Amino acid sequence: WPALSPDISPIENVWRLLKDRVRKRFPKTKEELIRYIKGEWARIELKGLKRHCTNIQQCFEAVIRVGIRHSDHVFGI
């Protein structure tokens, strides 16, 4: 589904980063999960978020160029 593609939706990469970080902490309760999500979200640096958004024009152009195929190979993601 294009709207969920990390190629054209930078937030999907951020969600993946957050999910990976929280998963490594092995939350056992709902409260732990919420606390870990908030903590890991606070640890994500603005510089890291900008990295996912600065090349969006290039991402759009590459997606158009390769068609509907997944384009990780184009960006080296």
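Remarks
- For residue 52, the criteria (1) surrounded by fewer than 13 Cβ atoms within 10 Å (Cβ to Cβ); (2) at pLDDT below 95; (3) assigned to a helix (DSSP H, G or I) hold in every case but one, which is (1).
- Matching residues, region 21-48, being open to solvent by 100 Å² or more (accessible area, probe 1.4 Å) and modelled with pLDDT under 95: 41, 43, 45, 46, 47
The values are calculated or read from the model by the stated rules, or taken from the named source; none is laboratory data. Bear in mind that the values here come from a model prediction, so they are computed numbers and not experimental data. When we count neighbours, we look across all protein chains shown, and the Cβ atoms used for this are built from the backbone with ideal geometry, even at glycine. To get the accessible areas, we keep the full protein, side chains included, count just its heavy atoms, and leave off ligands, DNA and RNA. Shrake-Rupley method; radii C 1.70, N 1.55, O 1.52, S 1.80 Å.
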